[in-house]
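The values are calculated or read from the model by the stated rules, or taken from the named source; none is laboratory data. Since the structure is predicted, the reported quantities are computational estimates derived from the model, not experimental observations. Cβ: placed from backbone, ideal geometry, glycine included. Neighbour counts: every protein chain shown. Areas reflect the complete protein model, heavy atoms only, side chains present, ligands, DNA and RNA absent. Shrake-Rupley method; radii C 1.70, N 1.55, O 1.52, S 1.80 Å.
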Amino acid sequence: WLQENFEIPITHPWQRGYFSDLPNYSHIAIRSGNGVSKTCSLALTTLWLLSTQPSTRIQCTAPSESQLFQGLWAEIAKWLRRSYTLKHSLVWSQTKVAMRGHEGEWWAVARTARPMTGKEGAESMQGIHADETIAIVDEASGVDDATVAALLGMMATGRSKIILAGNPIRKSGIFYDAFHKLAHLFKCYHIASNDFTKLDRRLVNPEFAETILAIYGENSPQYYF
């Protein structure tokens, strides 16, 4: 699909495993350092699901509007613009990407919880139901558990899927638990910025991790995360 629509190969070894696994798992969690093409992978995932799963409905979210629209949503726009095939079948807007001619029932939306905490904020993420309901959560460690729980609630019916991805900045919450006490439910990926068994060295600056290490030290949260 990537070759047909973008004429690019899978660039990182971890991505080959991820995209091969993607159709087969309903709960996926990705924790990574910076620069491993995580957001790129989420953007391509969104476009793949939209173009191959009829009448799918995808909710994309992040901790804040700036993170969502300057990160994942901008990345979706970039890859859609690069594809001659997809840009003629998908319609992009500031908050929605939809299948042309089916804009009312076949789409991905960019949406964050309302600026309130707990149950009331999470309720703004509910109300989406379809046979194919997908939740894609970028920077998932910073998204509150009530919001993630609301997204998980969409999986009660149909062939649903949730993908959580981000830097592991907290040692609590559903994203953290996905790699620990909930690991039996999730297909998990862990990619460090300097793990060149999973990364293409040509596409990652090998000095990045060394620079952070030199500035902050091996035991610092900056180097760990």
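Would you point out the residue of region 204-224, among those that are part of a helix (DSSP H, G or I) and among the polar types (S, T, N, Q), that is nearest to the chain's Cα centre (by Cα)?
Ranking the candidates gives Gln222 first.
Where residues in region 83-102 are polar (S, T, N, Q) and closer than 16 Å to Leu49 by Cβ, which of them is least open to solvent (accessible area, probe 1.4 Å)?
Top of the filtered list is Ser83.
Pairs, please: C-beta under 8 Å, at least 6 apart or cross-chain, first residue at pLDDT below 90 and in region 5-22, second open to solvent by 30 Å² or more (accessible area, probe 1.4 Å)?
Phe6/Arg82; Pro9/Gln3; Ile10/Arg16; Ile10/Phe19; Thr11/Ser37; Thr11/Leu203
Looking at region 60-72, I want the residues that are under 20 Å from Leu152 (Cβ atoms) and have a partner that is in a helix (DSSP H, G or I) and among the polar types (S, T, N, Q) with Cβ atoms under 6 Å, at least 6 apart or on another chain. Which pairs are those?
Pairs that qualify, where the first residue is under 20 Å from Leu152 (Cβ atoms) and the partner is in a helix (DSSP H, G or I) and among the polar types (S, T, N, Q), are Leu72/Thr39.
Among the residues of region 38-82, write down those that are among the aromatic types (Phe, Trp, Tyr) and open to solvent by 40 Å² or more (accessible area, probe 1.4 Å).
Trp48, Phe69
Have a look at Lys198, Lys187, Lys181 and point out the one that is in contact (Cβ under 8 Å) with a residue 24 or more places away in the chain and over 24 Å from Arg57 (Cβ atoms).
Only one candidate passes the filter, namely Lys198.
So which residues in region 143-159 are part of a loop (DSSP other than H, G, I, E, B), under 17 Å from the mean Cα position of the chain (by Cα) and surrounded by fewer than 23 Cβ atoms within 10 Å (Cβ to Cβ), if there are any at all?
Asp144
Looking only at region 162-203, count every residue that is part of a helix (DSSP H, G or I), open to solvent by 60 Å² or more (accessible area, probe 1.4 Å) and in contact with a Gly (Cβ under 7 Å, 6 or more places away or on another chain) and tell me the total.
Qualifying residue count, region 162-203: 0.
For Glu105, state whether it is open to solvent by less than 90 Å² (accessible area, probe 1.4 Å) and either under 24 Å from Leu152 (Cα atoms) or at pLDDT 90 or above (or both).
yes
Let me spell it out: the conditions are (1) modelled with pLDDT of 95 or more; (2) open to solvent by 50 Å² or more (accessible area, probe 1.4 Å), and Gly35 meets all of them except one. Which number is the exception?
That leaves (1) as the condition not met.
Go through region 192-212 and count every residue that is among the polar types (S, T, N, Q) and under 11 Å from Gly33 (Cα atoms). Walk me through it before giving the result.
The initial filter retains those residues of region 192-212 that are among the polar types (S, T, N, Q), namely 193-194, 197, 205, 211.
Pick out the ones that are also under 11 Å from Gly33 (Cα atoms) and you get 193-194.
Qualifying residue count for the region: 2.
If we keep just the residues of region 142-163 that are of a type in the set (Ser, Thr, Tyr) and touching a residue at least 40 places away in the same chain (Cβ under 8 Å), which is farthest from Ala113 (Cα to Cα)?
Only one residue fits best here, namely Ser160.
Is it true that Leu2 is under 30 Å from Thr197 (Cα atoms), touching a helix residue (DSSP H, G or I) at 6+ places or on another chain (Cβ under 6 Å) and open to solvent by less than 50 Å² (accessible area, probe 1.4 Å)?
Working: under 30 Å from Thr197 (Cα atoms): yes; touching a helix residue (DSSP H, G or I) at 6+ places or on another chain (Cβ under 6 Å): no; open to solvent by less than 50 Å² (accessible area, probe 1.4 Å): yes.
Criteria not met by Leu2.
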